[in-house]
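Here is the structure we will look at.
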Amino acid sequence: MEKRKCGTDVLDRLNVKMPAKYNVIMFNDDTTYYDAVIFILVKIFQKTKNEAINIANKAQADGKAVVGSYYKDIASTRVQLAMDFAQKNNFKDFKMTIEKGE
């Protein structure tokens, strides 16, 4: 009896395309507390504390930073959670967006 292969060759034959990924972009602002940004990155985006610090520092230095790459629904949900947290804590200038990745 022949073993069936189940892997990428099956997906190729069926012409199945993986969904696009989207980059979450965080922008620097002068009013959101650094600790709040770290909290958002750790709790909502599941970054380690060191990853969160690096992302926050990059946003501060360059004006924006890529937080991560996610499928569209996950990216949108996490951005909305982050924006909700920021608004509830009066960080009105906090901004994140999503853009289609490569």
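The values are calculated or read from the model by the stated rules, or taken from the named source; none is laboratory data. These figures come from a predicted structure and were not determined experimentally. Cβ atoms come from the backbone with ideal geometry, glycine included; neighbour counts cover every protein chain shown. Side chains included, ligands, DNA and RNA excluded: accessible areas come from the protein's heavy atoms. Shrake-Rupley method; radii C 1.70, N 1.55, O 1.52, S 1.80 Å.
Considering only residues that are farther than 20 Å from THR31 by Cβ and open to solvent by 30 Å² or more (accessible area, probe 1.4 Å), which ones fall in segment 81-102?
ILE98, GLU99, LYS100, GLU102
Of all residues in segment 47-80, count the ones that are open to solvent by 70 Å² or more (accessible area, probe 1.4 Å) and of a type in the set (Gly, Ala, Ser). Explain how you work it out, then say what you get.
Narrowing segment 47-80 to residues open to solvent by 70 Å² or more (accessible area, probe 1.4 Å): 48-51, 54, 58, 60-62, 64, 66, 71-73, 77, 80.
Now restrict to residues that are of a type in the set (Gly, Ala, Ser): 61.
Final tally of qualifying residues: 1.
In segment 50-69, how many are touching a Leu at 6+ places or on another chain (Cβ under 9 Å) and part of a helix (DSSP H, G or I)?
5
ASP29 fails exactly one of the following numbered conditions: (1) surrounded by 13 or more Cβ atoms within 10 Å (Cβ to Cβ); (2) in a helix (DSSP H, G or I); (3) modelled with pLDDT under 95. What is the number of that condition?
(2)
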